[in-house]
1. Determine by what factor the alpha-carbon radius of gyration of the range 244-350 differs from 2.2 N^0.38 Å, reporting the quotient.
2. Please give the charge dipole size of the range 6-162, origin at the Cα centre, charges +1 on K and R Cβ atoms and -1 on D and E Cβ atoms. Round to the nearest 20 debye.
3. In terms of the ratio Rg/(2.2 N^0.38 Å) built on C-alpha atoms, what value belongs to the range 1-89?
4. Which one of Leu105, Phe84, Ala158 is farthest out on the positive end of the charge dipole of the range 6-162, using unit charges on Cβ (Lys, Arg +1; Asp, Glu -1) and the Cα centre as origin?
5. Could you compute how fast the range 314-464 diffuses translationally, taking Rh as the Kirkwood radius over C-alpha pairs and applying Stokes-Einstein at 25 °C with viscosity 0.890 mPa s? Give it in µm² per second.
6. Please provide three numbers in whole Å: the alpha-carbon extents of the range 154-237 along the principal axes, with the largest listed first.
7. Only Lys, Arg, Asp and Glu count, each charged at its Cβ (+1, +1, -1, -1), so figure out the dipole size of the range 372-416 about its Cα centre, rounded to 20 debye.
8. Sort Trp438, Trp359, Trp186 from largest to smallest accessible area, using a 1.4 Å probe on the heavy atoms of the protein chains.
Amino acid sequence: MRPFSLRTRLTLYYSLILAILLAGFGFLAYRSLTLRLEQSSNEELDERAAALKGFLRFRNGQLSLVFNANDPEEAYFVHNATKFYQAFDLRSGELVAQSRDLELLGIQPSPSEVRNLAQNLKPADIETTQGVIRFHQGVFHAGPKQAFLIRVGISLQAARMASNEFLRGLLVLIPVGVLLVALGGWQMARSALRPIRDLARAARRIDIERLNERLPLRGTRDELDQLAQAFNHTLARLEDAVGQMRQFTASVSHELRTPLTAMRGEAEVALLEAQSVENYRRVLASQLEELDRLTQMINQLLTLARAEAGEIRLGENPVDLSELVASLGEQMEPVAASSQIKLQVQPAESIVIRGDAEWLERVVLNLLDNAIKFTQEGGRIEVSMAAEGQDAVLRVSDTGIGIPTEAQPHIFERFYRAEPSRSKQVEGVGLGLALVKWIVDRHRGRIEVESRAGEGSCFTVRLPLAGTAGRPSMTNSSATVLPTSPL
Ligand code: ADP
């Protein structure tokens with residue numbers, strides 16, 4: 001069965017709760033009315049029985065009621081109280097007096113029943129054709145050997161009718177009331193849910209081609225406005241991501257097409273013009289270089305793609321960063337020296353962090369490689385390590401060409417190369433720093449750059465020292481989103 005709609009469910013809950021409440025209150029009211037009526041009947045019956053006793057006389061072997069017939073109040077009381085009245089001689093069990101009403105109703109216990117009743121003087125209800133009559137029974141002692149069982153009754157008919165009437169009223173009014181409230185609730189639920197329907201309609205209109213559209217806000221700041229706002233934020237992020245994806249596709253196509261076109265042109269010219277083996281060899285060598293660059297780019301792209309898909313698991317082992325930096329510094333020194341650059345690694349005490357040594361090596365190598373690439377002959381590169389608070393801090397500074405201020409926020413994006421014209425002369429496709437940032441993020445660290453065009457750059461990497469909590473971990477995230485454009 002299909003689950004009920006929200007509107008139906010709201011109405012049902014609402015009506016059910018109301019029905020339960022009304023039925024509960026109704027039942028309580030009915031019970032207290034019945035008890036109250038019963039109690040007042042009992043009180044009246046007790047009163048009548050007690051008062052009648054005062055009018056009973058036994059004279060000349062006869063039991064009679066003696067009262068002042070000229071006193072209308074007294075006469076009325078006795079007349080009223082003896083509407084259901086019976087007196088039995090307890091010795092014989094015979095009826096000695098009874099009211100006309102009881103005579104007509106034919107209620108007359110047998111002598112043995114009379115004696116039983118005298119033993120057990122409890123009020124008793126008797127069902128008659130005129131409804132239930134409640135009897136009060138008492139013994140009247142007329143003399144040492146003369147006693148009578150006196151029964152005085154009161155009809156419960158009116159009280160029972162009143163409470164039955166009340167119950168009937170409840171049984172009609174409660175369902176009608178619940179029905180009316182359910183209809184009202186159904187309408188109310190409809191208008192309460194209208195904004196949600198409007199939101200759904202607006203949301204349906206938005207597709208990948210119209211990601212710039214936003215859901216309307218009503219300005220009420222209520223839950224629905226918050227929902228719309230959250231949805232709009234998601235849309236904004238999606239729009240951003242799709243935009244970056246498009247730009248990324250364009251960048252990849254461009255990065256692949258340019259060298260391929262160049263290689264094709266070169267090959268065509270060689271086929272048409274090259275006459276010597278030497279010429280072919282030169283062209284092939286240049287194409288190999290270009291192919292190397294393309295392979296490197298594709299490898300980096302694949303690494304980034306795998307990283308983003310959460311396929312790469314980084315180790316969580318103690319790594320002595322000072323040692324790692326010192327050994328990489330030694331390794332890169334000859335490379336720097338071949339470009340007439342002085343690479344200096346400041347000695348530092350052992351600084352241990354938790355992470356993956358292989359991937360951390362990539363961070364240092366990429367930063368050193370960039371520093372060497374973007375520093376002119378005669379320049380200087382300095383690498384330092386320090387423990388600052390809870391962080392291990394690695395600084396790689398150079399006296400190179402620097403990064404223009406407007407380019408700095410973008411250098412960690414994929415394929416971003418500041419001033420392409422100047423970096424064309426140096427190798428690289430603009431993926432190195434994107435990978436560096438991903439690795440640093442996965443180690444719960446941060447990377448920052450300070451640079452001035454023409455003066456040099458300083459990259460600072462902060463990684464939490466082993467034994468500290470560090471920043472919120474992304475290590476176990478299976479779908480880590482790279483900080484720059486998506487792959
Ligand atoms: P690339 O493959 O071009 O080196 P990266 O992602 O490593 O790509 O770097 C992105 C861009 O950031 C580089 O093209 C360069 O413009 C700039 N950059 C990175 N490091 C330095 C540096 N030490 N000095 C000057 N510019 C740098």
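1. 1.61
2. 500
3. Against the empirical 2.2 N^0.38 Å value, I get 2.26 for the range 1-89.
4. Selected residue: Ala158.
5. 159
6. So the extents along the principal axes, rounded to whole Å, are 86, 21, 16.
7. 120
8. I get Trp186, Trp359, Trp438, largest accessible area first.
The values are calculated or read from the model by the stated rules, or taken from the named source; none is laboratory data. Being a predicted model, the structure only gives us computed values, none of them experimental. Cβ sites come from the backbone with ideal geometry, for glycine too, and all protein chains shown count toward neighbours. Heads up: the accessible areas ignore ligands, DNA and RNA and are worked out on the full protein's heavy atoms, side chains in. Shrake-Rupley method; radii C 1.70, N 1.55, O 1.52, S 1.80 Å.
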